[in-house]
Amino acid sequence: MTYTFALVGNPNSGKTTMFNEITGAAQHVGNWPGVTVEKKEGKARKIKEDVKIIDLPGIYSLSPYSLEEIIARDYIVDEKPDVVINIVDASNIERNLYLTLQLKELGVPLVLVLNMIDVADARKDRIDINELEKYLGIPVIPASASKNSGVREVVEKALVVAETAKTGFVKKDHKVLDDIIEGYLDEVEKLISPIGNAKGWNSRWISLKLLEGDEKVKEKYHIPTNIIKDLKSFQEKLEKHYENDLETVFADSRYKYISRVIEKTVKKQLGNSGLTWSDKVDRIVTNRILAIPLFLSIMYAIFQITFGAIGSFTIDWVDGFMSDAVAGTLLRWLEAGGVAEWLRALVIDGIVAGLGSMLVFVPQIMLLFFFLALLEDTGYMARAAFIMDRFLRKLGLSGKSFIPMLLGFGCGVPAVMASRTLESEKDRRLTIILTPFMSCGAKLPVYALFAAAFFSNNQGAIIFSIYVLGIVIAILSGILLKNSILKGEVAPFVMELPPYRIPTLKGLGIHMAERGMAFIKKAGTIIFAAAVMIWFLQSFDFSVQMVEDPADSILGAMGKAIAPIFAPLGFGDWKSAVALLTGLIAKEVVVATLGILYGLGEVGEEVTQLGVALQTAFTPLKAYAFMAFTVLYMPCIAAFGAIKREMNSWKWTFIAVGYQTGIAWIVAFLIYQIGRLFGLS
Amino acid sequence: MPLTMVPLGKEAIVNVCNAKEATKKFLETLGITPGASICVISEMGGNLIVNIKGARVAINRGVAQQLMVEAC
C-alpha cells in the first residue's frame, strides 16, 4: 500500500529539517505546476519504503492571501494526502497552533509534531502531551528533527493514522470556535450539505470558509446566489454581535480556544513575558547604535573570507588540479590514442579550457553559499531585513527586499524568486529590477580573472569595489525609479523573527551542497554545450572551413559586428564583445569564452595564463570598465526567465533588462572616459 | 494610544488595528488580535520587535502607529 504524507507548518518550524531527516538523500526538487514555488518530494526510505512525503510551503494560516497558502490548501483539499503531518515549533506553540486549528477544521487525518522539543525542554517549558492530545483530538509526537530524535515515531504514527482513516472510522470533531459562531455554522451547513453531499464535498469546511468570507472558496465551488444571500445575513448578524469584522472575529475565536488549551497543557517556566537569551542578543544586534556597524562588519567579514585569502587558496588548488591532473592526463591519453588533431583541439581547447576556467571558482561559490546558509539558519537574515528596513524605505523598498538582494550575491534565480515574499506589486517590481545589480557568484570568476591580471597588488579591494559599485548603482536606481515609473507607498513591514539558533553542520552542508551541485550541473550541461559551441564558432568560418585565425571565424564576424558598441567603453575588440554576448548564456561563460578565444588549450602551469594573455588587449582602466559593465548588464538567460515569471509581464521584463544594460553602458562609459581625462589609458 | 508610545519591556493590550485590510489580516494571523497581550522587546529607529504569544514579530513604524493599545 502506498501512502502520501504531506508536511505542513509555519516558516521556521523546522519543517525542512524534518523533511530532510525523513527522506534522507532521496528527494526531488521541482516546482508546483504553473508557479515557481519550490515543490519538494521524497520517500521515507529509511523508515518505510513506499511512503511518499510532500513538503508543502511554509505558511502561517490556510486563508488564501498568499500564493504559498493557496498552494498548500489546494493540495490538501484536492489531492487528499493520506495524512497531513503538522510540524509545530514546540518553543513557539501558541502561535503555531493557529495553523493546526485550521487543519483540524479541514477534518483531514492529522498528526501533530512538536518539533524542537529540546529547545522547549531546555527552556523548562512543560508540555503535557497526553492532555494536548485530548484537547486537540489528534495524536501528538514530540520530536527534534535537528537531533534526529522522534523522526521514526512521526512516520510510524502517521502510518497508524493512515490505516485508521482507510477503515473509514473518523472521529466526529469537537467544536473549536465559540458557540455563537458554531450555531451559525450549523445553519450554513444545512444550506450547503444538500449540494455538498451530492458532490462529495467537505461541507462543514466549505460552510466555515463561506461564513468567514473566503472569496476563493465561493468562486471555486460556484455557490448558488440564493445561498450567498442567506450567508450575507448570517455574516451581518455575526459582525453586529461582535462589533467587529468577520476575519477578526474568527481569528480571535481561534486564538481564544488556543489560549484555553495552552493554559491547561503548557507550563512555562519563564512565562511569555520574560526575556529569552535570543531577546538579549536582539537587544545588542538591533541596538540603535550598534546595529549598523555590526551589520556592516558581518558583511565585510563574509566578503573578506570568501574573496580574500581562503577564497584565493581554493582557486589555486582547483586550478592546479585542472591543468596538471585533468588536462595533462587527457592530453597524454589523446596523444597515445592517436586521436585526430581537431578532436584533440575540441577536447583540450574547447571543453577543458572552457569548463576548467570556470570550475576553479566552484569552491569559492560554495563558500559564499555556505555563509548565506549560515545567515539564514542562525536567524540573522531576518534581523538584517529588520535593520535595513528604514534605509530601504528611502529607496522605495521594504526590509523584505533585503533577502532577495542578499541572495542576489549567490545566484540571481533564487534571488528574483525570493521577491515573491513582497506583497505589493510595485515593491516586487523594483526589487526585481535592482536585485541583479547584486553581483552574483557566477560573475566572480570574471572579476577574479581581471583583478589578478591587472591589479595583482590589491585584488581584494578591487573586487570589493566592484561589489560596492553594484550596490551604489542599485541605491541610485531605487531613488530614481521610485520617483519616476514606480511611484507609490511602500508596503508595511511585518515579519516574524525566528529565535537565534545554532545551525547544524548537516543543515548547512545540505544547503551548500544543493546550491553547489546546481552550479556544477549547470557547468556540466549549459556551460559544456556553450564551450563546444563557442569552440566550433571560433574555429570555423561561414563556409565551415577551419580557420587559422579566430578573427576570421563566425564568432569573429559576430564579435566585429557588435564590437563598435563597446568601443567608447574601452573594450571595442571583438573578443570582449563575444565574451559579453556569450555571458548571457551564463556569466561564467565570459571567462570560458575568453579562455577559448585566447587559445589557452595548450596546457600551461596555471589558468592564470589567461590573465597574461589579456594584458595584451586590456589596460587596467579598460579592465575596470569591463568589470563594471559585467556587474551591471542584463543577467543570464536563467535569471531572465525568472524575471519574466515573477514580473508576469513582458513589458516589465524588458524594462528591467533594458534598464540594466543601459545603466551598464553609461557607467562603463563614464569610468573609461573620466579615467582617460585623468591621464589613464 | 499607538504601540509606538509603549515603553520598552512594558506589556500592553491590543485594542484596535487601523492598518490596511491586508496588513490587519496578517497581524491577526500572527496573533495580534484585540485583547491580546503585546510587549515591545526592541526598538530601532521607530521600527519595533514585539513579543506576541511568545513569538517575535518585527513591525515597522508606520504599522506600529496604526496599532492602538491600552496600558495594562
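Share of the range A:3-166's accessible area from carbon and sulfur, percent, 1.4 Å?
The nonpolar share, carbon plus sulfur, comes to 49 percent.
Give the ranking of A:H511, A:H241 by solvent-accessible surface, highest area first, calculated with a 1.4 Å probe.
The residues order as A:H241, A:H511, largest area first.
Quick one: grab Rg to one decimal and Dmax as a whole number for the range A:3-166, Cα atoms only, in Å.
Taking only Cα atoms of the range A:3-166, I get Rg and Dmax of 14.6, 45 Å.
Calculate the spin-label point distance for A:V472 paired with A:I565, positioning each point 7 Å from the Cα along the beta-carbon direction, and give it in nanometres.
About 2.5 nm, to one decimal.
At a probe of 1.4 Å, how much accessible area disappears from chains A and B on forming the pair, both sides counted, to the nearest 100 Å²? Walk me through the intermediate numbers first.
Numbers: alone 30660 and 4270 Å², together 31680 Å².
Result for this pair: about 3300 Å² buried.
For the range A:470-507, list whatever residues lose no less than 20 Å² of accessible surface once every protein chain is in place, relative to that chain by itself, with the probe at 1.4 Å.
A:P492, A:F493, A:V494, A:M495, A:E496, A:L497
Which lysines, on any chain, are close to A:K199 with Cα under 23 Å apart, when same-chain ones fewer than 8 places away are left out?
List returned: A:K80, A:K104, A:K166, A:K171, A:K172, A:K190, A:K209, A:K216, A:K218, A:K220, A:K229.
Normalising by the residue count of the range B:3-71, find the relative contact order in percent from Cα pairs under 8 Å and 6+ residues apart.
Details: 128 pairs, mean separation 28.6, N = 69.
Relative contact order of the range B:3-71: 41 percent.
Take every Cα pair under 8 Å in chain A that's 6+ residues apart, average their separations, divide by the length, and report that relative contact order as a whole percent.
11
Whole number in Å², please: accessible area per residue of the protein assembly as shown, 1.4 Å probe, ligands, DNA and RNA not counted.
42
Go ahead and estimate [θ] at 222 nm for the protein assembly as shown from helices alone: -39,500 (n - 2.57) per DSSP H run with n ≥ 4, summed, over the residue count, rounded to 500.
Details: 35 runs with 419 residues, N = 753.
Value at 222 nm, helices only: -17500 deg cm²/dmol.
Do you know the relative contact order of the range A:390-435, to the nearest whole percent, from alpha carbon pairs under 8 angstrom that are 6+ apart?
Value for the range A:390-435: 38 percent.
Using 0.36 nm per residue, how much length does the chain from A:F654 to A:D50 gain when fully extended, once their Cα-Cα distance is taken away?
Gain in length upon complete extension: 212.8 nm.
Round to a whole angstrom and tell me the spacing of the C-alpha centers of the range A:357-409 and the range A:507-560.
29
Rounded, prolate or oblate: pick one for the range A:385-507, where a ≥ b ≥ c are the square roots of the eigenvalues of its C-alpha gyration tensor, a/c under 1.5 means rounded, and failing that, prolate if a/b is larger than b/c, else oblate.
Oblate.
Please work out the FRET efficiency for the pair B:E21 and A:Q673, using the Cβ-Cβ distance as r and a Förster radius of 60 Å; give the result to the nearest 0.05.
Here the calculated transfer efficiency is 0.70.
What is the spin-label model distance, in nm, from A:M533 to A:N457 if the labels are put 7 Å beyond Cα along the C-beta direction?
Rounded to a tenth, the inter-label distance reads 4.2 nm.
Suppose we compare each residue of the range A:204-252 in its chain alone and in the full protein complex with a 1.4 Å probe; which ones drop by at least 50 Å² of accessible area?
With the partner chains in place, the range A:204-252 has these residues losing at least 50 Å²: A:T248.
Given a Förster distance of 60 angstrom, what is the FRET efficiency for A:Q545 paired with A:W317, based on the Cβ-Cβ distance and rounded to 0.05?
0.90
With the Cα gyration tensor of the range B:3-71 giving a ≥ b ≥ c as the square roots of its eigenvalues, does the rule (a/c under 1.5 for rounded; else a/b larger than b/c for prolate; else oblate) give rounded, prolate or oblate? Before the final figure, lay out the partial values.
On the way: a/c = 1.38, a/b = 1.20, b/c = 1.15.
Rounded.
The values are calculated or read from the model by the stated rules, or taken from the named source; none is laboratory data. Quantities reported herein were computed from a predicted structural model and do not represent experimental measurements. Methodologically, a virtual Cβ is constructed for each residue, glycine included, from the backbone with ideal geometry; neighbour enumeration extends over all protein chains shown. For accessibility, only protein heavy atoms count, side chains too; no ligands or nucleic acids. Shrake-Rupley method; radii C 1.70, N 1.55, O 1.52, S 1.80 Å.
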